[in-house]
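Everything on this sheet refers to the single structure shown next.
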């Protein structure tokens, strides 16, 4: 019979590593599993300037700092892919590609993924002019020209945010009306240095070492244009990596996991932290906080 652990942490992004640090300090018997590499989405961020105590650091460096902190405490991130999670009983079962684990609690830290456009140059320039987070990377484009792609609340908010620091902001939307709430639309249309490109889709992002421009086309009349920009912000939504708990815990219509203020799901002893859970702000600092909160709550549950 396998050993019953106190906790299994699935995912080694900022939330998962934070949970591991707190679990180690609480002397819990736990494991942390990661199918690919530690760090999560943050490794794709060119530079982080909004994490308290660290004035400026690349996302890759910050993720390494998190991992090194955990390692210094004796935390070993196990390279295993989780195939299935059974939370039907008091003892939870996690099926991996290298055996089955059992624990009293589960902390799911599988994050989310930005929806990509799939256009030429997008993958090539991620972190070098292509971004999926204006609040993370907008400051690097002060006085420059940028392009936002999308038509929902996030895209409009990103364009407004960027307009405060950029010389010019283009917002390309494939339809002739925005999906964002009216108050945001009004603010956007009143902002002088924002130009909305209606019925417009992105065709290509190009440059040398960094983004230098974008090629777009009008899907109504077929006209093409070349826009000189230093940054392209893709804001066409994100999707939660919540498949492992689909149908097993409460989720909203977008498959984001619903939790209480302790990051506990609708099933006792099962916690969701970081970008996979439903919350208003998805940033490194809130992910790290989630990990700490969940472990504190899990301790009381155990």
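The values are calculated or read from the model by the stated rules, or taken from the named source; none is laboratory data. On a predicted model such as this, the values are computed, not experimentally measured, just so you know. Ideal geometry is used to build each Cβ from the backbone, glycine not excepted, and the neighbour counts take in all protein chains shown.
A few remarks follow.
- Counting only strands (runs of 3 or more DSSP E) that sit wholly inside the stretch 168-211, those with at least 3 residues that are under 25 Å from the mean Cα position of the chain (by Cα) and either modelled with pLDDT under 95 or more than 25 Å from residue 142 (Cβ to Cβ) (or both) are 200-207.
- Taking the stretch 48-118 as the region of interest, the strands (runs of 3 or more DSSP E) fully inside it that hold 2 or more residues being at pLDDT below 95 and within 24 Å of the chain's Cα centre (by Cα) are 112-114.
- Scanning the stretch 1-10 for residues that are part of a loop (DSSP other than H, G, I, E, B) and either at pLDDT 95 or above or in contact with a strand residue (DSSP E or B) (Cβ under 6 Å, 6 or more places away or on another chain) (or both) gives a single hit, 2.
- Contact annotation: residue pairs with Cβ atoms under 7 Å, 6 or more positions apart or on different chains, pairing a residue in the stretch 1-13 that is at positive phi with a partner that is surrounded by 12 or more Cβ atoms within 10 Å (Cβ to Cβ) and in a loop (DSSP other than H, G, I, E, B), are 11/109; 11/110; 11/111.
- Some residue of the stretch 60-78 being surrounded by fewer than 22 Cβ atoms within 10 Å (Cβ to Cβ), in contact with a helix residue (DSSP H, G or I) (Cβ under 8 Å, 6 or more places away or on another chain) and closer than 19 Å to residue 127 by Cα: yes
- Residue in the stretch 91-106 that is in contact with a helix residue (DSSP H, G or I) (Cβ under 6 Å, 6 or more places away or on another chain) and crowded, with 21+ Cβ neighbours inside 10 Å present: yes
- Subset of the stretch 119-147 [farther than 30 Å from residue 20 by Cα and not in a loop (DSSP other than H, G, I, E, B)]: 120, 130, 138, 139, 140, 141, 145, 146, 147
- Qualifying residue in the stretch 15-35 (condition: assigned to a helix (DSSP H, G or I) and without any contact (Cβ under 8 Å) to a residue 60 or more places away in the chain): yes
- Test: residue in the stretch 148-166 that is buried (at least 23 other Cβ atoms within 10 Å of the Cβ), assigned to a strand (DSSP E or B) and touching a residue at least 24 places away in the same chain (Cβ under 8 Å): yes
- From the list 13, 40, the lone residue that is crowded, with 21+ Cβ neighbours inside 10 Å, within 26 Å of residue 138 (Cα to Cα) and at pLDDT 95 or above is 13.
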